[in-house]
Amino acid sequence: MKTRLMQGALAALLAVGVAGCGKTDAISGLDGGADTDGGVCLDGGCAEPDCADGVKNGAETDLDCGGPCAPCATGAGCQAPEDCQSSLCLTGVCSVPSCMDGVRDGTETDVDCGGGQCPPCGFMHGCSVDADCANALACGPEKTCGGCVEGFADCDGDPSQNGCEVDTRTDAQNCGACGVVCPDMNVMDPACVEGVCGGSCEGGFADCDGDFAGTGCEVDTTSDVHHCGGCGIDCDAQIPNAVTSCASSTCALVGCQPGYYDLDGVLTNGCEYACTFQSSNDLPDDGFVDANCDGVDGDMADAVFVSTVNGRDDNPGTRAAPVKTIGEGIALAVANGRHQVLVNSGTYLEQVVLHSGVSLYGGYDLLWVRGTGNVPFITSNTAASGRITAVEGVNVLQPTTVDGFKIATSSALFPGGDVFSVYCDNCPGLDLRNNVITAGDGGPGSAGLDGDPGTAGTQGGPGGPGACDKAGPGGPGGAIGGSACGGFGGPGGAGGFYGMNPGMPGQIAVGGAPGGPAGAGGPVGQPGGNGSNGAPGAPGAPGAGGSGGSIVAGNFLSTAGAPGGAGADGNGGGGGG
């Protein structure tokens, strides 16, 4: 165009020097006044056409535009799109571009699409940016629409028809990716938010596996034993060794696992007692085995419990509330048709009266565990019917056991008193086992009768003569008297002083009792009186104790003791004075 303008300017300059145009132009060789082959007559001279000569000439498609000149405005003539400012030449006229003209024009990135003014382009059409592409297709590196923009996906596999038709950020059937369906199981208002399934669980349900998108609120927390009342609340862990259930979001114990028992009724420790069941009939045994697994060696349902440590006789006699005395335990057993009385260790100061068919078992500690170190002690000093007993019974005909006790009585202090630690009359059903039984001493026997008196000794010798009618001592005493028992009297007393004074007392016999007093003095010149009898001999030695004995009228009667020994010899009396 620049060249053509320069040529036009040159033609104009040349024309200035020409006087006029003739029929035949000196420059163009054409007749004057006619524009031929792009020429123009200016001021009577021919000139080359240009884009500013106000004449459509040369290769212009319209006045001074098109062809080599600037593109023409809308409505001007044209031969090709580049002749038009709109780049759209329709039927020889520059036209306004449209998105339906079947050509790529204006800002379009492809025919009738893209460019921001026309509809976005479809799959594999040209593009400059993602916005030039339809249905969330992305503008790829090759500047064609293919693939999907972020947050969208081609889930039906037909991008040419609908491109990336799914918004995976909000589609609950394709949440985050094709085919990811947000669950509606137990979910209120299920939704897909930013590619993540959301919503809230219905009451009583929870998402416990953490896979809300996959399983939703999969757990019924009102009835699931492993998520009872909330995720992770496991009834089996809350109540160990048990068969459990969950109702109304609360764990419950249905039963115990094999080999376990719930004895205390406390829910939190479950079935706390491990035991191997052997028999429903559980009598306390020497091995202390809980055969029926009720928590005690014995049958709790058939027993009364006794504890001198923490019992009360107004208690019901249960394991938790024992009575205090064995007697009350027996009475409760009889009244309630029970057959076992289980006794804690400790001292029981009482006389126990047996009842046929009610057995006593010792050996229990305060937790009712039985062992050899828990021996209860029954002791009594009560006397009745002439005897002291600690355990007593009569007509015990049914099987009745007394097992695991120490039994003792005090000694009898009254003469002839019997002492029995265990006394039972007509008791073929009584079985005494594993007991330590000791009894106090029986009462002393009655005193024996006195022996017969010994034979009198012989008379002592006569006293000596008194002094003759004047003052002075009497004569010497008489000789020693003899005795049939072998004893001898002392010598006779000396004679009295003169007058009627008595003689002196006889002397003490050797090894015997003192001699009798002297006889009274006789008249002057007469013999003195006889001496008195000697003192009695000492009592004889006690006889030997009796050996053995026998039951007489229900009491033990020992054999009589041996007779006592003879008394000591009496001594002769003293001689007369």
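Of note:
- Using the average count of surrounding beta-carbon atoms within 10 Å as a protection proxy, the listed peptides 260-273, 296-309 rank, highest first, as 296-309, 260-273.
- Sorted by Cβ density within 10 Å, fewest first, the residues 290, 285: 285, 290
- Near residue 266: Cβ cut-off under 15 Å, other residues only, Lys/Arg at +1 and Asp/Glu at -1. The net charge is -2.
- Within the shell defined by Cβ-Cβ distances under 15 Å, the residues around residue 144 carry a net charge of -3, with Lys and Arg each +1 and Asp and Glu each -1.
- Sparse-neighbour loop sites [GluC sites (Glu not before Pro); the stretch 173-241; at most 15 other C-beta within 10 Å; DSSP]: 194, 202
Each reported figure results from applying straightforward, stated rules to the coordinates on display, with no laboratory input. Quick caveat, the model's predicted, so the values are computed rather than measured. Reconstructed Cβ throughout: ideal geometry from the backbone, glycine too, with neighbour counts over all protein chains shown.
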